[in-house]
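**Student:** Below is the structure I would like to discuss, written out as structure tokens.
The values are calculated or read from the model by the stated rules, or taken from the named source; none is laboratory data. Keep in mind the model is a prediction, meaning the values are calculated, not measured. Here Cβ is always computed from backbone atoms with ideal geometry, including for glycine, and neighbour counts include all displayed protein chains.
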Amino acid sequence: MKLGDQRASGNVEDRRGIGVVGGGIGIGGIVIAVVAYFLGFDPAQVLSLAEQVAPQGEEREAPKGAPADEMGQFVAKVLGSTETVWGRILPQSGNQYRPPTLVLYDGQVRSACGMGQAAMGPFYCPGDEKLYIDLSFFRDLHSRFGAPGDFAQAYVIAHEVGHHVQNITGTFRKAEAARARASTAENNRLSVRMELQADCFAGVWGHHAGNMNQLDAGDMAEALAAASAIGDDRLQKQTQGRVAPDSFTHGSSEQRVRWFKRGMDSGRPADCDAFSARSP
């Protein structure tokens, strides 16, 4: 990516090295987190459950602003790029964009959705409108999932920002209302559509980042590799040796790649309606 001239967002809360004082997740919570990370359960639900098994603690106040280190700067600039893009295009549909805060942390973190764990991967909490990322996930993305590259990392951030866009537009509220009445299978199918729309929104951002000359040759391939690497079918095959489509909560590799590419090709949020599609 070419982010040299991109403004670094100040909406970054750097909790790295701070940790949780007097609290944490025990063995049960770690197991839950690992299952969530590999099988893609809803972060808010898993965090709430993890919170129940964790002793209470608190975190010291963290500095807010663009971090000075190289990875901190990269994250802040990607976040700044998403702010620019969504600040321009979301008002076209009658919604004002309010930027989320991105929280960097090590190991475990407390959020309005409960306790988070690095093994769960990046997540968005609608309760506090914050994205949570332990940067070790980017190393895993490269070494464990075979999806290297800075645009692969940017795609992950843009996907979580996509969930924030869903929160602003009311999709989160509608989904939660529907899930309260749904069976487990229906909940899974709804979760898949939520995740695929967030993938498409990440592609929308990527389209406009390209228009701002922020992409290098090969960046598209990096993002598609990342989307494919974290498909439910691929993760299930790696972790349990078999694929159970009825338990998908994020979508197959093919679906995730297709919906990201859909947003990337069009650049229009209106083309990301994964809920109206007969088969996502």
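**Student:** Is it true that residue 166 is among the polar types (S, T, N, Q), in a helix (DSSP H, G or I) and over 17 Å from residue 275 (Cα atoms)?
**Tutor:** On the way: among the polar types (S, T, N, Q): yes; in a helix (DSSP H, G or I): yes; over 17 Å from residue 275 (Cα atoms): no.
Considered against the rule, which asks whether it is among the polar types (S, T, N, Q), in a helix (DSSP H, G or I) and over 17 Å from residue 275 (Cα atoms), residue 166 comes out as no.
**Student:** While we're on this one: For region 259-270, which positions are within 18 Å of residue 224 (Cα to Cα), assigned to a helix (DSSP H, G or I) and touching a residue at least 60 places away in the same chain (Cβ under 8 Å)?
**Tutor:** Selection gives 259, 260, 262, 263, 264, 265, 266.
For every residue, the table says whether it meets (1) in contact with a helix residue (DSSP H, G or I) (Cβ under 7 Å, 6 or more places away or on another chain); (2) within 14 Å of residue 206 (Cβ to Cβ); (3) of a type in the set (Val, Ile, Thr).
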| site | (1), (2), (3) |
| --- | --- |
| 253 | yes, no, no |
| 257 | yes, yes, yes |
| 272 | yes, yes, no |
| 279 | no, no, no |
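**Student:** Another question, then. Quickly run through region 177-208 and pick out the residues that are among the basic types (Lys, Arg) and modelled with pLDDT of 90 or more.
**Tutor:** 193
**Student:** Which of the residues that make up region 96-112 are in a loop (DSSP other than H, G, I, E, B) and of a type in the set (Ser, Thr, Tyr)? Please lay out each step first, then the result.
**Tutor:** Going residue by residue through region 96-112, those that are in a loop (DSSP other than H, G, I, E, B) are 96-100, 105-107, 112.
Once the filter is applied, which keeps residues that are in a loop (DSSP other than H, G, I, E, B) and of a type in the set (Ser, Thr, Tyr), region 96-112 yields 97, 105.
**Student:** I would also like to ask the following. What number of residues within region 187-231 are of a type in the set (A, V, I, L, M, F, W, C), part of a helix (DSSP H, G or I) and in contact with a Leu (Cβ under 9 Å, 6 or more places away or on another chain)?
**Tutor:** Count: 3.
**Student:** Shifting gears a bit: Any chance you could count how many residues in region 208-230 are surrounded by 17 or more Cβ atoms within 10 Å (Cβ to Cβ) and over 16 Å from residue 148 (Cα atoms)? Even if it seems obvious, please write down each step before you answer.
**Tutor:** Step one: of region 208-230, the residues surrounded by 17 or more Cβ atoms within 10 Å (Cβ to Cβ) are 208-209, 214-215, 219-220, 222-230.
Now drop any that are not over 16 Å from residue 148 (Cα atoms), which leaves 208-209, 214.
Adding up the residues that qualify gives 3.
**Student:** Of everything in region 169-186, what is under 23 Å from residue 128 (Cα atoms), free of Cβ contacts under 8 Å to residues at least 12 places away in the same chain, in a helix (DSSP H, G or I) and not basic (Lys, Arg)? Give them in sequence order.
**Tutor:** 176, 177, 180
**Student:** Another question, if that's okay. Is region 127-144 home to any residue that is touching a residue at least 12 places away in the same chain (Cβ under 8 Å), of a type in the set (A, V, I, L, M) and farther than 24 Å from residue 172 by Cα?
**Tutor:** yes
**Student:** Oh, and also: Of the residues in region 78-95, how many are assigned to a helix (DSSP H, G or I) and surrounded by fewer than 21 Cβ atoms within 10 Å (Cβ to Cβ)?
**Tutor:** Here the count works out to 10.
**Student:** Another question about this same structure. Is it the case that some residue within region 246-258 is free of Cβ contacts under 8 Å to residues at least 60 places away in the same chain, small (Gly, Ala, Ser) and touching a Leu at 6+ places or on another chain (Cβ under 7 Å)?
**Tutor:** The answer is yes, given that some residue of region 246-258 is free of Cβ contacts under 8 Å to residues at least 60 places away in the same chain, small (Gly, Ala, Ser) and touching a Leu at 6+ places or on another chain (Cβ under 7 Å).
**Student:** Okay, moving on. Does residue 12 satisfy the condition of being touching a helix residue (DSSP H, G or I) at 6+ places or on another chain (Cβ under 8 Å) and either at pLDDT 95 or above or loosely packed, with under 14 Cβ neighbours inside 10 Å (or both)?
**Tutor:** It is true that residue 12 is touching a helix residue (DSSP H, G or I) at 6+ places or on another chain (Cβ under 8 Å) and either at pLDDT 95 or above or loosely packed, with under 14 Cβ neighbours inside 10 Å (or both).
**Student:** Scan region 131-149 residue by residue and report those that are surrounded by fewer than 18 Cβ atoms within 10 Å (Cβ to Cβ) and in contact with a helix residue (DSSP H, G or I) (Cβ under 7 Å, 6 or more places away or on another chain).
**Tutor:** Within region 131-149, 136, 146, 148 qualify.
**Student:** When you go through 195, 176, 186 one by one, which is the residue that is out of contact with any strand residue (DSSP E or B) (no Cβ under 8 Å at 6 or more places or on another chain) and either surrounded by 20 or more Cβ atoms within 10 Å (Cβ to Cβ) or within 17 Å of residue 121 (Cβ to Cβ) (or both)?
**Tutor:** Among 195, 176, 186, only 195 is out of contact with any strand residue (DSSP E or B) (no Cβ under 8 Å at 6 or more places or on another chain) and either surrounded by 20 or more Cβ atoms within 10 Å (Cβ to Cβ) or within 17 Å of residue 121 (Cβ to Cβ) (or both).
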